[in-house]
1. Which one of A:Glu77, A:Glu114, A:Glu174 has the biggest mean-square fluctuation once chain A is modelled by GNM with Cα springs under 10 Å?
2. Any idea what the alpha-carbon Rg over 2.2 N^0.38 Å comes to for the range B:103-191?
3. Just to confirm my numbers, what's the Cα centroid distance between the range A:233-270 and the range A:39-73 in Å?
4. Could you give me D for the range A:4-71, from Stokes-Einstein at 4 °C and 1.567 mPa s, where the hydrodynamic radius is the Kirkwood radius over C-alpha pairs? Units µm² s⁻¹, please.
5. Over the range A:179-224, what lengths in whole Å, largest first, do the semi-axes of the equivalent ellipsoid take, defined as the square roots of 5 times the eigenvalues of the alpha-carbon gyration tensor?
6. Looking only at other chains, what is the average number of their beta-carbon atoms within 10 angstrom of each beta-carbon in B:141-148?
7. Taking beta carbons within 10 Å but only from partner chains, what does the mean come to for residues B:109-122?
8. Given the rule -39500 (n - 2.57) for each run of at least 4 DSSP H residues, summed and divided by the residues of chain A, what is its mean residue ellipticity at 222 nm, to the nearest 500 deg cm²/dmol?
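The values are calculated or read from the model by the stated rules, or taken from the named source; none is laboratory data. Since this is a predicted model, take the numbers as computed values, not measurements. A quick note on method: Cβ atoms are made from the backbone with ideal geometry, for glycine too, and the neighbour counts reach across all protein chains shown. The accessibility values were calculated without ligands, DNA or RNA, using every heavy atom of the protein model including side chains. Shrake-Rupley method; radii C 1.70, N 1.55, O 1.52, S 1.80 Å.
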Amino acid sequence: MTTNRDTDIEIRLLIEAIYLKYSYDFRDYSGASIKRRILHAVGQFECRTVSALQERVLHDPSMFMELLQYLTIPVSEMFRDPSHFLALRNEVVPLLRTWPSLKIWIAGCSTGEEVYSMAILLREEGLLERSILYATDINPYSLERAKQGIYSLQNMHQYAENYRLAGGRRDFSEYYTAAYGNAIMDSSLRDNVTFADHSLATDSVFSETQLVSCRNVMIYFNKDLQDRAFGLFHESLCHRGFLVLGSKESIDFSAYANQFEALVRPERIFRKS
Amino acid sequence: MSSAQAIVIGASAGGVAALFEVLGRLPPTFAVPVLCVLHLPQDRPSHLADVLQRRLRRTVREGCDKERIVAGMIYVAGPGYHLSVEHDLSLSLSQEDPVHFSRPAIDFLFESAADAYGGQLVGVLLTGANQDGAAGLARIKQNGGLTIVQDPREAQVALMPEAALALHRPDHILSLSGIGQLLATLEPSAC
Ligand SMILES: C[S@@+](CC[C@H](N)C(=O)[O-])C[C@H]1O[C@@H](n2cnc3c(N)ncnc32)[C@H](O)[C@@H]1O
């Protein structure tokens, strides 16, 4: 019989094996959530144990890519938490205008909804042309979908509502073309976007930035890994640059709490002090 | 008198009144931390923590990501996120798919807390029209914890307690007042 302790040992071994073989580092993710996701995958792949899954993942890279879809939670929305984007527009954009050119890093961009939201906001505020956006993630499937910018038409109704609540004043359908049940995003929105594979767990800073948006990624990290990521953002951000987080994420419990001040605390908008 | 490091409580339909009834019986100095998941609408802010705090005159907070669990506190899961307990006895939030149509899900809290606290955990499942929590409660039992199910005959909606009873035999099947009285005798155990 497999006890709970056995399962915990197997999970540690699987994560270690993934790191050694594929260099994806999940060792410092929040334990409870990753355990659930691995056990879910064990069921979906019809493996008897986590060890059985490990054997398949170790010997078959395509199996690892499938498992990665479970490990990364690729869910997103356009203008997710509209009040956050409204605060970006009202409180942050006026300050962004003071820089002649902008570099913006969207870390953990998943399938790209956040990137297009940001690009739309910047375009409406006249800032997109002088901006470079770096959109990074560890999941190559998600990055590919982000680059394509094709989403289910069904979701557009809700996104349009989010957009409106986020202070959007145009008709949201101007930003996409509908075809075969899909919404194809206006490709000029990504003219200034560079999509790249980058891990907050293993990679280093690649550019100076004025704004970093890392939303709904840090909750999956433990404190040590959060601190690593905050360290990267701190290093990347220029003097008085902005860091924006997901609505349940905070810098307060981190080692970097004193290096940032809250600009709009309820919307998780911080500024390098 | 027995001891515990934490209490987890799950409830759904009819849960607010049931929670008041149970938590209201705990003395003001009650030191064992209590963590609650009540099914809520996902898309709007919840006032559950405020409402409980005012009624109970105890400190009640929505659990934050990476927050350390503190003695004497009551935590509730906020809407839209699963709440878990980590091995270092801090809280974490996540947005995996809903379980039994619920996020927060009772199973998430129960299963993670069962792993973190082992035999030092008390799990309580109350009224509800949903199967959530049954698997989690069984896991608490499996890991050596104490399990309590509200008597389905008394529950406002019996489905949730019944689903739990179908899966394992809890240590106690009690009325709300009985649950409150039993919990009130618990002492915090040394970590
Ligand atoms: C829930 S999605 C968030 C998407 C988007 N930011 C939003 O808020 O809607 C989390 C994303 O974080 C990515 N991620 C997980 N670990 C990462 C890491 N170490 N470095 C960069 N991205 C990571 C996942 O691949 C996933 O796409």
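1. The residue with the greatest mean-square fluctuation here is A:Glu174.
2. In units of the 2.2 N^0.38 Å rule of thumb, it is 1.02.
3. 35 Å
4. Diffusion coefficient, whole number: 111 µm²/s.
5. Working: eigenvalues 159, 57, 21 Å².
Values for the range A:179-224, descending: 28, 17, 10 Å.
6. On the way: counts 0, 2, 3, 0, 0, 0, 0, 0.
Average per residue, whole number: 1.
7. Mean shielding count: 2.
8. Working: 10 runs with 109 residues, N = 273.
Helix-only estimate at 222 nm: -12000 deg cm²/dmol.
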